[in-house]
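Asks: To start, I am sharing the structure in question, which I have written as structure tokens.
The values are calculated or read from the model by the stated rules, or taken from the named source; none is laboratory data. Since the structure is predicted, the reported quantities are computational estimates derived from the model, not experimental observations. A quick note on method: Cβ atoms are made from the backbone with ideal geometry, for glycine too, and the neighbour counts reach across all protein chains shown. Surface areas here come from the heavy atoms of the whole protein model, side chains and all, with no ligands, DNA or RNA. Shrake-Rupley method; radii C 1.70, N 1.55, O 1.52, S 1.80 Å.
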Amino acid sequence: MVRAVVGANWGDEGKGKITDMLGQESDIIVRFQGGANAGHTIVNDYGKFALHTLPSGVFYGHTTSIIGNGVALNIPVLCKEIQGIVDRDVPKPKILISDRAQMVMSYHILFDKLEEERLGGKSFGSTKSGIAPFYSDKYAKIGFQVSELFRDEASLRDKIDGVLAQKNVILEHLYHAPALKTDDIYKELMEYKELVEPYVCDVSAYLWEALKEGKNILLEGQLGTMKDPDHGIYPMVTSSSTLAAYGAIGAGIPPYEIKQIIAVCKAYSSAVGAGAFVSEIFGEEADELRRRGGDGGEFGATTGRPRRMGWFDCVASKYGCRLQGATDVAFTVLDVLGYLDEIPVCVGYDIDGQITTEFPTTHLLEKAKPVYETLPGWKCDIRGIRRYEELPENCRRYIEFIEKQIGFPITMISNGPSRDDIIRRTV
Ligand code: GDP
């Protein structure tokens, strides 16, 4: 059976923790989209880790971790991450990389930086990991698949020549930067070949067999619905689909195999990068939530930059869960809110005087003002609680209020960063 863990908001909802927790019951964990531009933070018996490319299952001896074809594969980052966990006494994980995954090249990162610089104040707030140039090349059909590392030298060089003919015009004339050389790119690819060779696999065939054997497969998404290029806050989105449906494509499995979709929602909002963020808060109120948020503050796992903060947004989350096709909602980081006397919740958007609970397209979203309802806080620490009935009444009211607003069942409540900080609930 296949399950997916995906984000219903802007990312950073705590998917890594939920995946790590569900990893216990999984044989295979697959990353199916995105690249090293976002990170998962995981706390377990080995310590605290920030993973960018590795699936969150790498800490279990019994799981196979897979990088699917949909991922933007940065080979040096991946290898550094593998070494980083092995150096901290985690047993070497079993990793497979799809032969159809494409590679992030050094020039993708270069183009990302140059373009953000060129855009100046109008930039997308990219992490400059090369993700947008990578996916642009993939769909322009000038990317490099892992399988191509095993082509003969002449044909590979010929392809590089063709790619560079286009890249160099842009480099020289748009960015006024030095041209790239075929020899350097060929050398880069050969370095990648050496690093990646032990892991290369026909992943869709492997997963097909695994499904026939009844294995449990977990698909791990990156970012969240609001960052999806089709359904998110375009153009302030990422460059690959963040939706569970894409899990079938980015892993290479039949769509009908995905039986459970766990949409992860954080008990308050945070976002990175530019773009409309209706329930955003500022000043001391935001600083305090940021400081107390997550596990050690709401700062990017990849960049360390402060995240934008906001109250829970029912409009965005209802939409986020719907587009994910949520069968379950995991409601995370609830423990953080224990300091508040009262908690505003965004229940609608006011757009030109009209109130709506349907998430609008970007040009209308930019005009939306939050409509809040305020709920009483519970003013205590809820960490360590394992049974739903033991949560303070106002805390349960908060959960049930939000569940009603979003219309999807909250079956898991996360009240701390570790694997065991979870309350299961039957709805
Ligand atoms: P992801 O990208 O969706 O996996 O999210 P991040 O790793 O960026 O952010 C989640 C942060 O919150 C991490 O530092 C987690 O350790 C932490 N975290 C996850 N669940 C909880 C929770 O229930 N309570 C607290 N306090 N922290 C949590």
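Asks: When residues of the stretch 181-221 are filtered for being in contact (Cβ under 8 Å) with a residue 40 or more places away in the chain, outside any strand (DSSP E or B) and open to solvent by less than 40 Å² (accessible area, probe 1.4 Å), how many remain?
Replies: Within the stretch 181-221, residues that are in contact (Cβ under 8 Å) with a residue 40 or more places away in the chain, outside any strand (DSSP E or B) and open to solvent by less than 40 Å² (accessible area, probe 1.4 Å) number 10.
Asks: Also, I was wondering about something else. Report whether or not Y319 is among the hydroxyl-bearing types (S, T, Y), in contact (Cβ under 8 Å) with a residue 60 or more places away in the chain, more than 16 Å from the ligand (Cβ to nearest atom) and open to solvent by less than 20 Å² (accessible area, probe 1.4 Å). Break it down into steps so the answer makes sense when it comes.
Replies: Numbers: among the hydroxyl-bearing types (S, T, Y): yes; in contact (Cβ under 8 Å) with a residue 60 or more places away in the chain: yes; more than 16 Å from the ligand (Cβ to nearest atom): yes; open to solvent by less than 20 Å² (accessible area, probe 1.4 Å): no.
Answer is no for this residue.
Asks: Another question, then. Could you tell me how many of the residues in the stretch 257-301 are in a loop (DSSP other than H, G, I, E, B) and either crowded, with 21+ Cβ neighbours inside 10 Å or on the phi > 0 side of the Ramachandran plot (or both)?
Replies: Number satisfying all stated conditions: 13.
Asks: Looking only at residues in the stretch 84-103 that are free of Cβ contacts under 8 Å to residues at least 40 places away in the same chain and open to solvent by 10 Å² or more (accessible area, probe 1.4 Å), which one is nearest to H52 (Cα to Cα)? It would help to see each step written out before you state the result.
Replies: From the stretch 84-103, those free of Cβ contacts under 8 Å to residues at least 40 places away in the same chain are 84-87, 91-94; that's our starting set.
From the residues that got through so far, the ones that are open to solvent by 10 Å² or more (accessible area, probe 1.4 Å) too are 84, 86-87, 91-94.
Values: G84: 12, V86: 15, D87: 17, P91: 18, K92: 17, P93: 15, K94: 17 Å.
Per the criteria, the residue is G84.
Asks: Which of (1) under 23 Å from R291 (Cα atoms); (2) under 23 Å from the mean Cα position of the chain (by Cα) is the odd one out, the single condition C346 does not satisfy?
Replies: With respect to (1) under 23 Å from R291 (Cα atoms); (2) under 23 Å from the mean Cα position of the chain (by Cα), C346 is out only on (2).
Asks: Out of the residues in the stretch 222-234 that are among the aliphatic types (A, V, I, L, M) and not in a loop (DSSP other than H, G, I, E, B), state the one that is nearest to the ligand (Cβ to nearest atom).
Replies: So, considering only residues that are among the aliphatic types (A, V, I, L, M) and not in a loop (DSSP other than H, G, I, E, B), the one nearest to the ligand (Cβ to nearest atom) is L223.
Asks: Here's a follow-up. Being farther than 30 Å from I253 by Cβ and charged (D, E, K, R), is that true of even one residue in the stretch 128-138? Write out each step before concluding.
Replies: Taking the stretch 128-138 as the starting set, the residues that turn out to be farther than 30 Å from I253 by Cβ are 128.
Cutting the leftovers down to charged (D, E, K, R) gives us 128.
Yes, the stretch 128-138 contains a residue that is farther than 30 Å from I253 by Cβ and charged (D, E, K, R).
Asks: Also: How many residues, within the stretch 1-59, are hydrophobic (A, V, I, L, M, F, W, C), over 13 Å from the mean Cα position of the chain (by Cα) and over 20 Å from I249 (Cα atoms)?
Replies: Initial filter on the stretch 1-59 (hydrophobic (A, V, I, L, M, F, W, C)): 1-2, 4-6, 8, 10, 18, 21-22, 28-30, 32, 36, 38, 42-43, 49-51, 54, 58-59.
Restricting the remaining residues to those that are over 13 Å from the mean Cα position of the chain (by Cα) gives 1-2, 21-22, 28-29, 42-43, 49, 58-59.
Next, only the ones that are over 20 Å from I249 (Cα atoms) stay: 21-22, 42-43, 49, 58-59.
Selection size over the stretch 1-59: 7.
Asks: Could you please let me know if C346 is touching a Phe, Trp or Tyr at 6+ places or on another chain (Cβ under 6 Å) and either open to solvent by less than 40 Å² (accessible area, probe 1.4 Å) or over 28 Å from Q260 (Cα atoms) (or both)?
Replies: yes
Asks: Across the stretch 412-424, what is the total count of residues that are modelled with pLDDT of 95 or more and either within 11 Å of the ligand (Cβ to nearest atom) or surrounded by 19 or more Cβ atoms within 10 Å (Cβ to Cβ) (or both)?
Replies: 8
Asks: Enumerate the pairs (first residue in the stretch 368-394 and in contact (Cβ under 8 Å) with a residue 40 or more places away in the chain; second residue anywhere and away from the ligand (no atom under 15 Å from the Cβ) and open to solvent by 40 Å² or more (accessible area, probe 1.4 Å)) with beta-carbon separation below 6 Å, excluding pairs fewer than 6 apart on the same chain, so at least 6 apart or on different chains.
Replies: Short answer, once both residue conditions are applied: K369/D350; G377/D341; G377/E342; W378/N394.
Asks: Applying the selection to the stretch 369-387, what residues are open to solvent by less than 50 Å² (accessible area, probe 1.4 Å) and of a type in the set (A, V, I, L, M, F, W, C)?
Replies: Within the stretch 369-387, V371, L375, W378, I382, I385 meet the criteria.
Asks: Across the stretch 408-427, what is the number of residues that are in contact (Cβ under 8 Å) with a residue 40 or more places away in the chain and over 23 Å from the mean Cα position of the chain (by Cα)?
Replies: 0
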